[in-house]
1. How much length is gained if the chain between residue 106 and residue 13 is pulled fully straight, taking 0.36 nm per residue apart and subtracting their Cα-Cα distance, in nm to one decimal?
2. Which length gain, in nm to one decimal place, applies between residue 151 and residue 69 when the Cα-Cα distance is subtracted from 0.36 nm times their residue separation?
3. Peptides 200-211, 113-124: what's the order by average Cβ count within 10 Å, highest mean first?
4. What's the exposure ranking of 10, 144, going from fewest to most Cβ atoms within 10 Å?
5. For 139, 240, 129, what's the fewest-to-most ordering of other Cβ within 10 Å of each Cβ?
6. What is the order of 156, 212, fewest Cβ neighbours within 10 Å to most?
7. How would the stretch 6-90 be classified by its alpha-carbon gyration tensor: rounded, prolate or oblate, with rounded meaning a/c under 1.5 and the a/b versus b/c comparison settling the rest?
8. Using 13 Å as the cut-off for backbone N distance, which residues of the stretch 58-78 belong to the label zone defined by a point 7 Å from the Cα of residue 27 along Cα→Cβ?
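Just so it is clear, none of the values below were taken in a lab; they were calculated from the coordinates. All figures in this text were calculated on a predicted structure; none of them were measured in a lab. Reconstructed Cβ throughout: ideal geometry from the backbone, glycine too, with neighbour counts over all protein chains shown.
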C-alpha cells in the first residue's frame, strides 16, 4: 500500500489532469527500499489513456511548480526527457525545519529483496556444510540482523565474519558429527532427482560427461528445497519443462544443478503459468477482475 500525502493532492494550484497524474507517478516511480526512478511522458499518457500532448503540458506545469524535476537520458530513439518526483514535494514547506531527514539504503538488512535473501540463505547453508557446523547458525544470524537492522555492503562476507566471531567468542552449537552429516547430506529422493536431471542432460547431448561428484548436484537440489520452499514435484516439473519444446529456448542457460537453482524461480514461473498450452491464473483470481467487466 502506498500513502499519498493529502497536502500534495489538495494543493489549490493543481489542475484536474495534474491531480490525476500525481498518484500514477507516485505509484510507478517509488518502490520500497529503492530510490525513485524517472518516468517518461508516453508511459504516463498510456496509463492515463489521455492525449500525450496534454500530459506533457501537465508534467511541465508540475515541473514549474517544483513538484517534479526532469532528467535527460540517451536512448535508442534519441535523447528523451524523463520526469521524477522531487524529494521536497513530499514534505510541506512549514515542516522543512522540523521534519528529520530519512535515508533509505538497500544495504540495510530489512531492505533486502526476497530474491537476494534466498540467495544469501543458500550461500549460508553451503558455508555451514563446508565448515561442518549446524545450519541453525543462520537462524541466529537472521534474527540478530533483523532485530538490529544492520547495514553491510557484502552480506555474504558478513555471514562468514559472524561464524568466525561466534567461534572465537562463545562457540557454536555442539552437534554430533553424525547429525551434521545427516543435515547436509541430500536425501535419497533429492539424490534421485539430481540423477534424473543428469539423465535428461545426457539424453540430448551425446558428449555429455556425467559429473564426478553427483552428490554435489544432490546438494544443490537440497538447497533449492531448503531455501526456496519448493517440492520435489516442483523441481521435476521444472526439469520436464526445460526438456520440452516450450522450454527448449532456455535450456542452454541450465547446464548443471547450480544453474538450475540459480534460475529456478524464472523456470517455475513458466511451468506454473503455461500448462497444456493454456494460460493459467492463480487460484482466486478472476480474468474479468483484471480486464474489467463490461
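1. Values: separation 93, 0.36 × 93 = 33.48 nm, distance 3.56 nm.
Extending this stretch completely gives an extra 29.9 nm.
2. On the way: separation 82, 0.36 × 82 = 29.52 nm, distance 3.00 nm.
Gain on extension, residue 151 to residue 69, equals 26.5 nm.
3. On the way: 200-211: 11.4, 113-124: 15.7.
Final packing ranking: 113-124, 200-211.
4. Details: 10 9, 144 12.
With the sparsest Cβ surroundings first, the list reads 10, 144.
5. Working: 139 11, 240 14, 129 18.
Result, fewest neighbours first: 139, 240, 129.
6. On the way: 156 13, 212 7.
In order of increasing Cβ crowding within 10 Å: 212, 156.
7. Values: a/c = 1.61, a/b = 1.21, b/c = 1.34.
Judged from the Cα gyration tensor, the stretch 6-90 comes out oblate (a/c at least 1.5, b/c at or above a/b).
8. none
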